[in-house]
Amino acid sequence: MAKYPKVNYIGNKEKLVNWIIEEMPVKKGTVLDIFAGGCSVSYALKANGYSVISNDILYADYVIAKAMIENEDKILGLSVFDKKADEARVRELTDKFSFLSERLYYREEVQELGKLAAVSEQLKDNEKYLFLALMRRAMIRKLPYSRMNVPWNQIQKLRDEDYSYKKYKRKRAYHNQSFESHMRENFEEYNAAVFQGQDCKAYHCDAFEMTKKIDHVDVVYMDPPYPSTMNNYDAFYGLFDEMFDKKKQHTDFTRKADFLDNMDRLIQKLVGKTGYVVLSQNTRIRPEPEEIEVMLTKYGRVEIKRKKYNYQVTGKENKNSSKELLFILEMGI
């Protein structure tokens with residue numbers, strides 16, 4: 001049976017997907033996951049027989065959606081690692097990725113990224129995205145705290161296995177493995193995650209742009225960056241987008257001062273295009289959940305579901321008691 005693979009994504013809903021699926025207001029049909037992120041909810045929807053439109057502004061997330069949501073049957077063979085990359089192209093890409101040198105990785109590691117990216121260019125369609133999804137996972141796995149905005153001096157310190165052991169009682173040798181070794185370790189898991197669904201599609205759009213691409217869906221599921229929490233996804237994963245010249249301007253949902261207005265405008269764009277909006281939030285957010293509820297009631301009947309849940313932050317549980325919230329808006333009621 002297909003299983004969602006390891007992607008290392010901050011704020012991922014993997015442990016909450018069963019609850020989210022249970023609370024979906026329709027049990028079949030088309031769901032637009034408009035802030036798909038690490039695609040755990042998109043994947044669970046696909047596995048439960050929904051037709052899924054998986055969208056995110058980050059290319060780092062789009063490659064996961066193409067590989068796991070849209071992809072129905074394309075898998076990779078280990079021979080992909082034996083492909084001969086054109087040396088001139090490897091040099092060109094290594095130079096292009098030089099901004100990562102002594103920022104996230106050592107110089108020789110950036111050269112390996114150049115080679116892997118050159119190999120990806122030889123692949124077609126969703127095989128390419130499956131390879132890039134493995135590459136993305138390897139890049140994140142090698143970084144302390146699994147994000148791309150850790151200062152270089154901290155990265156160097158935490159990649160020192162003796163220091164890591166002395167301070168944390170763990171050597172974390174995986175930070176010093178090659179990208180290819182990480183990709184090989186996850187190879188079978190990613191291949192096994194591919195399965196046929198009900199006409200699923202992936203998009204790489206701003207949320208407002210995405211509303212123009214649909215005529216009607218049964219549900220729009222929203223998991224935007226939670227305001228007043230650890231939510232800078234551009235910084236966490238955006239350098240991957242820059243590597244492939246895929247960085248896009250987009251609406252900023254991270255600022256608490258703008259969040260309600262942006263969400264209000266987004267839901268306005270969905271009037272007549274969906275029967276339901278399901279919005280994930282948390283009791284730790286600002287603006288307060290009560291303010292969000294008041295805004296939503298302008299568009300229909302609102303029901304709120306609650307589940308106790310603590311997110312992991314940099315390896316330690318957030319000890320503040322919190323609950324995950326699902327705002328279920330029935331449009332036009």
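The values are calculated or read from the model by the stated rules, or taken from the named source; none is laboratory data. Since the model is a prediction, treat every value here as computed from it, not as a measurement. Cβ sites come from the backbone with ideal geometry, for glycine too, and all protein chains shown count toward neighbours.
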| query | Which of the residues that make up region 111-125 are within 19 Å of Leu76 (Cα to Cα), among the charged types (D, E, K, R) and not in a loop (DSSP other than H, G, I, E, B)? | reply | Lys115, Asp125
| field | The listed residue being at pLDDT below 95, among the hydrophobic types (A, V, I, L, M, F, W, C), farther than 30 Å from Ala117 by Cβ and buried (at least 18 other Cβ atoms within 10 Å of the Cβ), out of Ile285, Ile292 | value | Ile285
| message | Six or more apart or on different chains, Cβ atoms under 9 Å: show the pairs whose first residue is in region 154-165 and among the aliphatic types (A, V, I, L, M) and whose second is part of a helix (DSSP H, G or I) and buried (at least 16 other Cβ atoms within 10 Å of the Cβ). | response | Ile155/Pro144; Ile155/His175; Leu158/Pro144; Leu158/Tyr145; Leu158/Ser164; Leu158/His175
| query | Pairs under 6 Å by beta carbon, first residue farther than 25 Å from Phe99 by Cα in region 232-260, partner of a type in the set (A, V, I, L, M), six or more apart or different chains? | reply | Leu260/Met295
| Residues (surrounded by fewer than 24 Cβ atoms within 10 Å (Cβ to Cβ) and over 16 Å from Leu16 (Cα atoms)) located in region 36-57 | Gly49, Ser51
| task | From Arg89, Arg103, grab the single residue that is closer than 14 Å to Lys142 by Cβ and out of contact with any strand residue (DSSP E or B) (no Cβ under 7 Å at 6 or more places or on another chain). | result | Arg103
| Which listed residue, of Glu209, Glu188, is within 26 Å of Met148 (Cα to Cα) and either out of contact with any His (no Cβ under 7 Å at 6 or more places or on another chain) or free of Cβ contacts under 8 Å to residues at least 12 places away in the same chain (or both) | Glu188
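In region 19-35, what residues are among the aliphatic types (A, V, I, L, M) and either buried (at least 24 other Cβ atoms within 10 Å of the Cβ) or touching a His at 6+ places or on another chain (Cβ under 6 Å) (or both)?
Of everything in region 19-35, those that are among the aliphatic types (A, V, I, L, M) and either buried (at least 24 other Cβ atoms within 10 Å of the Cβ) or touching a His at 6+ places or on another chain (Cβ under 6 Å) (or both) turn out to be Val31, Leu32, Ile34.
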| remark: Across (1) among the hydroxyl-bearing types (Ser, Thr, Tyr); (2) closer than 30 Å to Ser120 by Cα; (3) surrounded by fewer than 19 Cβ atoms within 10 Å (Cβ to Cβ), Tyr168 clears everything bar (2)
| task | Out of Arg265, Arg301, report the one residue that is surrounded by fewer than 16 Cβ atoms within 10 Å (Cβ to Cβ), in a strand (DSSP E or B) and modelled with pLDDT of 95 or more. | result | Arg301
| message | Where the second residue is surrounded by 17 or more Cβ atoms within 10 Å (Cβ to Cβ) and the first is in a strand (DSSP E or B) and lies in region 96-110, which pairs have Cβ atoms under 6 Å and are six or more apart or on separate chains? | response | Ser101/Val110
| message | Here is a check on your reading of the model: is Asn153 at pLDDT 95 or above and farther than 29 Å from Ala67 by Cα? | response | yes
| task | Within region 6-15, identify whether any single residue is of a type in the set (D, E, K, R) and closer than 17 Å to Arg136 by Cα, and answer yes or no. | result | yes
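Let's see how each residue does on (1) out of contact with any helix residue (DSSP H, G or I) (no Cβ under 7 Å at 6 or more places or on another chain); (2) closer than 21 Å to Phe179 by Cβ; (3) in contact (Cβ under 8 Å) with a residue 60 or more places away in the chain:
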{"residue": "Trp19", "(1), (2), (3)": "yes, no, yes"}
{"residue": "Glu22", "(1), (2), (3)": "yes, no, no"}
{"residue": "Lys27", "(1), (2), (3)": "yes, no, no"}
{"residue": "Gly37", "(1), (2), (3)": "no, no, yes"}
{"residue": "Ala60", "(1), (2), (3)": "no, yes, yes"}
{"residue": "Gly77", "(1), (2), (3)": "yes, yes, no"}
{"residue": "Phe81", "(1), (2), (3)": "no, yes, yes"}
| Of all the helices (runs of 4 or more DSSP H) wholly in region 135-228, which have at least 2 residues that are farther than 30 Å from Leu270 by Cα? | 152-159, 161-168, 179-192
| task | Have a look at Leu130, Leu143, Leu116, Leu123 and point out the one that is within 20 Å of Tyr203 (Cα to Cα), at pLDDT 95 or above, buried (at least 18 other Cβ atoms within 10 Å of the Cβ) and aliphatic (A, V, I, L, M). | result | Leu130
